[in-house]
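The values are calculated or read from the model by the stated rules, or taken from the named source; none is laboratory data. Everything numeric in this text was worked out from a predicted model, so none of it was measured. Heads up, the Cβs are rebuilt from the backbone with ideal geometry, glycines too, and the neighbour counts pull from every protein chain shown.
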Amino acid sequence: MSALNHLLDGLGTALSPTNLLWMLIGCVLGTVVGILPGLGSPAATLAVLLPLTLRLQPTTGLIMMAGIYHGAKFAGSTTAILLNIPTETSSVVLCYDGHELAKKGRAGPAMGMSAISGFIASTVGVIALTFTAPAIANLAVKFGPPEFASLMTFGLLLVISMAGKSPVKGFISMALGLLVATVGVDLVSGAQRYTFGSINLYDGVQFITLTLGLFAVAEVLINVEQKRAKPLFAVPKKLRELLPSRQDLRRCAGAIGLGSVVGFIIGALPGGGSTIGSFVSYTLVKNTSRNSDEFGKGAIEGVAGPEAANNSEAGGAMIPLLSLGLPGNASTSVMLAALLLYGVQPGPLLFTNHPEIAWPVIASLYLGTLVLLVLNLPLIPMWVQILRIPYWILYPTILVLAVVGAYSARGSLFDVWMLVGFSLLGYIFRKLEIPAAPMLMAFVLGPQFEVALRQSLTLSNNSPLIFVERPISATVLAITVAVVAFSTVSRHRRRRRGAPAVPTTPSVAAANSSAVDEPVK
Amino acid sequence: MKPTTRRLRVAVAFAVLLTGATACSTLQAGTNNSSGTATPKNVQIVVDTGPGGGSDLFAREIVKLAQQTKGISSNWPVISQTAGGGLGAMAYMKGKANQTNYVAAFTSKWVISALGTANPPASLKDLTPIAELADETQIVAVPTSSPYKNFKDFVAGAKAHPNQLVQTGGAVSSVDNLIALKVQKDTGTKWKYLSFADGGPRITALLRGDAQMMIGAKSDFQEQVDAGKLRIIAVFSDKRMAAFPNVPTMTEQGFDLSALPAQLQFRGIAGPPGMSPAAVGYYVGVLQKMIKSPGWQQYMDSEGDTTQFVTGSALTALINKFTTSMTPLVHSLSGAGQ
Amino acid sequence: MQRADVVAGTAVAALGAFALVTAVNLAFLSDSGVPGPGFFPTLLSGLLVVLGVVLGVTSLRKRPATETGAEDEAEELTAADSPSGRSRVLRAGAVWVCFLLAVPILTYLGFVPAMAILVALLLFGVERRLDWRSLVVAVVVPVGVYELFVHLLSIPLPTGVIAIGPFGS
């Protein structure tokens, strides 16, 4: 149990008053900065605050960064729930159920559930990180292009299953998203695609520009159709209605468990990250839930599952960073940068050479969510007050912040023009009832899917058998087929019975999560 | 009638405020733009990678060391212009002509990006090179379990299995692929190139066995070499590396590198077009002070880079020579890629 | 039939066709026979053409009578000619045009003046709130956001072609 001893030692170090203070400051800074569009992604927040953290002791600095990381993540979900603005990719799914809940006056419970499930999941993540790191690192190494292509197929399934009333419109949105994602210089061949010779398009379209246009500004355009002197939606006054109820917690237990495991494993894959984790978790939770009809209309499990995955990912993402020296995603690559600037080289030897840094950082990841929970549950009533601001003040502010977000992503005025264009597209989508979320999700998953597919076929000399010959890839595909079959059958049965919901045995959810677990052993 | 006057007053107040702000702006516009000042204020450093990327880290390290050596007193914010592998950053700098408070951390990749584009919006020749700081020696790594003990073995393997072996790396136009293409052309062999956008997946591709070889820098491989997972089999230089004294160079192994530039992955600092000699002198002074610090030497050692402090006409000559020898390789690529 | 969906289907198909023509220049398969840079764009734009046609044709066939109450939003759009529907779209359109106009102003005047003009246009022009509170919002929001980003977080915002003043550095 030396790992446990080390973790406890690490907790001891992290709990020193100085470290605790900086973690607290980190959490607050992360939350405040993360709530602003354009800085919403933890990576950008960390990068902006990097000079500040570098003035501290390495351990303290990294602990503060862990605080910022968690704070920024939580803030990303906050804007998605309250204003339908997902400021980071992993909060996109929250627009389905989180914002629907806010429209029903349940913004408080949704945010509370996001914090609680994040806390539980990050506990799971840190415990798993402490005890399973070598096994998971091994899995992370085995996850290559074919495995990623199969995982992306699963992710895109979500997009299809979310198509809504008109499948054709859902598909149009998805295809547009995939097509927009191809804009830019192709990595594999170096060819320019849809750049029309403009340098501004070489790097493609920025996620934040697309999101702010399709969601934030389009939402404003829809809301201003009617003159509103009053706030947007009703906010309950009673404190009890601002926090999740016991019943909410009971409903979400399974979703949190499933999300934690999925998020942790996917987070550990280099190139995996919390976005895919939250998408996959949402798909699994939705397709295995007995309330799957409520998803997309304000099901609180639709917040809990992805948020759990989003937070246990932090534990998973540390595995390739600390045990292989390879950053798994943008945020950990900033952490890697910080380590390097402190003169610490992360890698297979970090735990032997610098245990005084590695373990407190792991411990602080955990403490970070605890601080966040303690800090944010009381603050939720305050955040919800945003919804009380008269709309004539709120919407010009959103528009100004959207301009900042689009511009500051890469300092380009061209992106502001694109923001204006995408906002018109988003408005037209809303008028025509074309769902915008499939476009955004396909935009996020598309490039990874395309590259993984082409890499796989390069490796196999164009033989598609590579996807079933490799065991992990085959397992992922088998799970994909199982989930499709399961949800088709249950939907069919429901339609025949004419009943609104089909109770499914919880064992199905368990079976699925254990199937995901399998390659670990 | 009453509401009308009130409206009028509000509108007038707004107009006055706005004109005031704009007038203020135009008044001050002159001072910051004049390029004569010896010490530029509010310096910003432009890089071509996102936060945590190679150039970003490099720039932040320079700023940190320059502050430590008291060369500069304030922090230089880092601006990411990631479009098109340096093209965006160069175009951005081109737009800041004569503004002495902008500098860019360029790499040799910027030359290649401009070569590979039909009508590049800007090239390194448009900017004012200030100083080269470092060169990153390219080395070849294979998994420890690999049968290839040196690069000759690898080429022999590629001859025996044409188009089967896999090299991993970044974009097709990256230097590691270009020099590999040169070797393939010279030896009449052919192997595949597996592109990954990020560094992490490249290493795991080697560890997993999907790829057999990678050309990169010491910092890419050091930890895995220490952990006994990767082995270095060649150095793309005519001198051995201090960190790997037992690894023979490509020249020692009988490969002719004379057609390739001596420095393959160099980094330096450039200013916008038309930067005054006074300003160039200021930055050269700051950098010169910085590279003499022990912190810089430590950084160079950990990255596996060698300090190459080149300024003035020697720097221009270096960039020109690199451009000439890389041009045919980049062109052979764009012919085959489409 | 639903006129809006027919128009939308045609637009999607046209966009797909344009993307397809552009994608022709990209190699569908690379030299070694694996999917090349044109593979995805070609398939996707082809898919868009098909989906656009499907949407257009199915909506042509659909009779308004078969529409159920669940789709009243779409009904509203087809009834855009009715006064209430038109005024709603006009209000949204006015806000969008203000937003569009703000970009060239941003390019020339810089962040604070452009955003102040945007907020003022929205509050005075669209919302018709000609009081002092609007004036305060139009000044405080841009200046506050500017101070927060530029001075507290050192994130540069557009300075404009001519303006480099107190809100320019």
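A few remarks follow.
- Within region A:238-267, the set of residues being out of contact with any helix residue (DSSP H, G or I) (no Cβ under 9 Å at 6 or more places or on another chain) and either at pLDDT 85 or above or among the small types (Gly, Ala, Ser) (or both) comprises A:ARG246, A:GLN247, A:ARG250.
- Exactly one residue out of B:ALA134, B:ALA197, B:ALA114 is under 23 Å from B:THR82 (Cβ atoms), part of a loop (DSSP other than H, G, I, E, B) and within 16 Å of the chain's Cα centre (by Cα), and it is B:ALA197.
- In the set B:ASN75, B:ASN98, B:ASN150, only one residue is without any contact (Cβ under 8 Å) to a residue 24 or more places away in the chain, farther than 23 Å from A:GLN206 by Cα and of a type outside the set (Phe, Trp, Tyr); that residue is B:ASN75.
- Qualifying positions in region A:408-422 - at the interface with another protein chain (Cβ under 7 Å from one of its Cβ atoms) and either under 17 Å from C:TRP96 (Cα atoms) or surrounded by fewer than 20 Cβ atoms within 10 Å (Cβ to Cβ) (or both): A:GLY411, A:LEU413, A:VAL416, A:TRP417, A:VAL420
- Residues of region C:17-31 satisfying the condition of being at the interface with another protein chain (Cβ under 7 Å from one of its Cβ atoms) and either in a loop (DSSP other than H, G, I, E, B) or buried (at least 18 other Cβ atoms within 10 Å of the Cβ) (or both): C:ALA19, C:LEU26, C:ALA27, C:SER30, C:ASP31
- Residue selected from region A:461-489 under the condition free of Cβ contacts under 8 Å to residues at least 24 places away in the same chain and not in a helix (DSSP H, G or I), by the criterion nearest to B:LEU194 (Cα to Cα): A:ASN461
- Scanning region A:423-445 for residues that are surrounded by fewer than 24 Cβ atoms within 10 Å (Cβ to Cβ), facing another protein chain (nearest Cβ under 10 Å) and in a helix (DSSP H, G or I) yields a total of 6.
- Where helices (runs of 4 or more DSSP H) fall entirely within region B:241-338, those with at least 1 residues that are within 14 Å of another protein chain (Cβ to nearest Cβ) are at B:294-303, B:312-337.
- Summed over region B:124-140, residues that are touching a strand residue (DSSP E or B) at 6+ places or on another chain (Cβ under 6 Å) and more than 13 Å from B:ARG267 (Cβ to Cβ) total 5.
- Residues that are away from chain A (no Cβ under 11 Å), in contact (Cβ under 8 Å) with a residue 40 or more places away in the chain, among the small types (Gly, Ala, Ser) and in contact with a Gly (Cβ under 8 Å, 6 or more places away or on another chain) do not occur anywhere in region B:108-119.
- Scanning region A:385-407 for residues that are crowded, with 21+ Cβ neighbours inside 10 Å and either away from chain C (no Cβ under 14 Å) or under 21 Å from the mean Cα position of the chain (by Cα) (or both) yields A:ALA402, A:GLY405, A:ALA406.
- The residues of region A:86-107 that are crowded, with 24+ Cβ neighbours inside 10 Å and acidic (Asp, Glu), listed by number, are A:GLU88, A:ASP97.
- Among the residues of this structure, A:SER281 counts as one that is crowded, with 24+ Cβ neighbours inside 10 Å, closer than 16 Å to A:LEU94 by Cα and modelled with pLDDT of 85 or more.
- Screening region A:289-402 for helices (runs of 4 or more DSSP H) wholly inside it with 3 or more residues that are in contact with a His (Cβ under 7 Å, 6 or more places away or on another chain) and in contact (Cβ under 8 Å) with a residue 40 or more places away in the chain returns the ranges A:355-384.
- From the list B:PRO277, B:PRO245, B:PRO294, B:PRO273, the lone residue that is closer than 24 Å to B:GLY95 by Cβ and either exposed (fewer than 14 other Cβ atoms within 10 Å of the Cβ) or among the acidic types (Asp, Glu) (or both) is B:PRO277.
- Just one residue in the set A:ALA140, A:ALA133, A:ALA110 is in contact (Cβ under 8 Å) with a residue 12 or more places away in the chain, buried (at least 24 other Cβ atoms within 10 Å of the Cβ) and away from every other protein chain (no Cβ under 14 Å); that residue is A:ALA110.
- Across region A:15-68, the number of residues qualifying as modelled with pLDDT under 80, within 14 Å of chain B (Cβ to nearest Cβ) and assigned to a helix (DSSP H, G or I) comes to 13.
- Qualifying positions in region B:220-240 - within 19 Å of B:THR306 (Cα to Cα) and more than 14 Å from chain A (Cβ to nearest Cβ): B:ILE232, B:ALA234, B:VAL235, B:PHE236, B:SER237, B:ASP238, B:LYS239, B:ARG240
Residue-by-condition table, conditions (1) within 22 Å of A:LEU139 (Cβ to Cβ); (2) free of Cβ contacts under 8 Å to residues at least 40 places away in the same chain; (3) of a type outside the set (Val, Ile, Thr):
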site: B:SER146; (1), (2), (3): no, no, yes
site: B:PHE154; (1), (2), (3): no, no, yes
site: B:ASN163; (1), (2), (3): no, yes, yes
site: B:THR168; (1), (2), (3): yes, no, no
site: B:PRO201; (1), (2), (3): yes, yes, yes
site: B:LEU206; (1), (2), (3): yes, no, yes
site: B:ALA227; (1), (2), (3): yes, yes, yes
site: B:ARG231; (1), (2), (3): no, no, yes
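- Only one of C:ALA79, C:ALA11, C:ALA65 that is out of contact with any Leu (no Cβ under 8 Å at 6 or more places or on another chain) and either at pLDDT 90 or above or facing another protein chain (nearest Cβ under 10 Å) (or both): C:ALA11
- Checking each residue of region A:72-89 against the condition of being among the aromatic types (Phe, Trp, Tyr), assigned to a helix (DSSP H, G or I), more than 14 Å from every other protein chain (Cβ to nearest Cβ) and over 30 Å from A:TYR407 (Cα atoms) gives no match.
- Among residues that are touching a helix residue (DSSP H, G or I) at 6+ places or on another chain (Cβ under 7 Å), facing chain A (nearest Cβ under 8 Å), closer than 20 Å to A:LEU424 by Cβ and assigned to a helix (DSSP H, G or I), C:VAL103 is included.
- The set of residues from region A:302-353 being of a type in the set (Ser, Thr, Tyr), more than 9 Å from chain B (Cβ to nearest Cβ) and crowded, with 24+ Cβ neighbours inside 10 Å comprises A:SER312, A:SER323.
- A:THR209 satisfies every condition listed in (1) within 18 Å of the chain's Cα centre (by Cα); (2) at pLDDT 85 or above; (3) more than 14 Å from chain B (Cβ to nearest Cβ) except (3).
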